[in-house]
Amino acid sequence: MIFGGMSKRPESQNPEELCVLNDVRFFDLKAGRWLPQGPAPSSTRKDFIPRSRYAHVSSVTTDRLFIIGGQDFSNTWMDDICVYDLKKRAWVQRRNYPRHCGTYRSVAMSSPVVARSPQEEVHAGYATSTLNQAGSKFFRSKSNPEVGHCETTPSSNLVHLPFSSPPNDDHPSEIYLYSNHNVRFLHV
């Protein structure tokens, strides 16, 4: 998939007449061809659609494409972050980012796993059911009665340790933005 960039103006006969794009294009690796561009869903808010740009940085996490900064046709720096939902194929967010960043002096990336701390998640109000709630019962295994207990372990005896998991909508991977020797973390 690619977003935006600079191209020859489609209706021009002059190969040097350029324009800046704001479309998302998908390439089918199995078929070896570009997929036709469908219309944006009617539910897409117009203020979420990014302005045309090139020299931006991007990263993907939890089926979302993040477009950060870049420049317009007049080489003016863009000051926003735009988020594209890859499953819905729609722009879902746009927010200000008052720093200049682009491919000439920046790099953005995200991790394929996130570090999760159950204690912090409980304090932040996430559902404890996804964390194997402290004090839950351990039942005997039907195939092996020697395994498991039928009693409740006191909460004070349980310690939820940090762990890694794939990013998801509740726990997306952070995007790491390196620009001009300064590392920034974008919370998505």
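So here's what we get for this one:
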read-out	value
Test: residue in the range 27-38 that is surrounded by 11 or more Cβ atoms within 10 Å (Cβ to Cβ) and closer than 30 Å to Ser179 by Cβ	yes
Count of the range 39-62 residues which are in a loop (DSSP other than H, G, I, E, B), under 25 Å from Val114 (Cβ atoms) and at pLDDT 90 or above	1
Flag for Arg94 being at pLDDT 90 or above and surrounded by 14 or more Cβ atoms within 10 Å (Cβ to Cβ)	yes
Count - residues of the range 171-188 that are modelled with pLDDT of 80 or more and either part of a loop (DSSP other than H, G, I, E, B) or among the basic types (Lys, Arg) (or both)	4
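The values are calculated or read from the model by the stated rules, or taken from the named source; none is laboratory data. What you are looking at is a predicted structure, and each value in this text was computed from that prediction instead of being measured. Cβ atoms come from the backbone with ideal geometry, glycine included; neighbour counts cover every protein chain shown.
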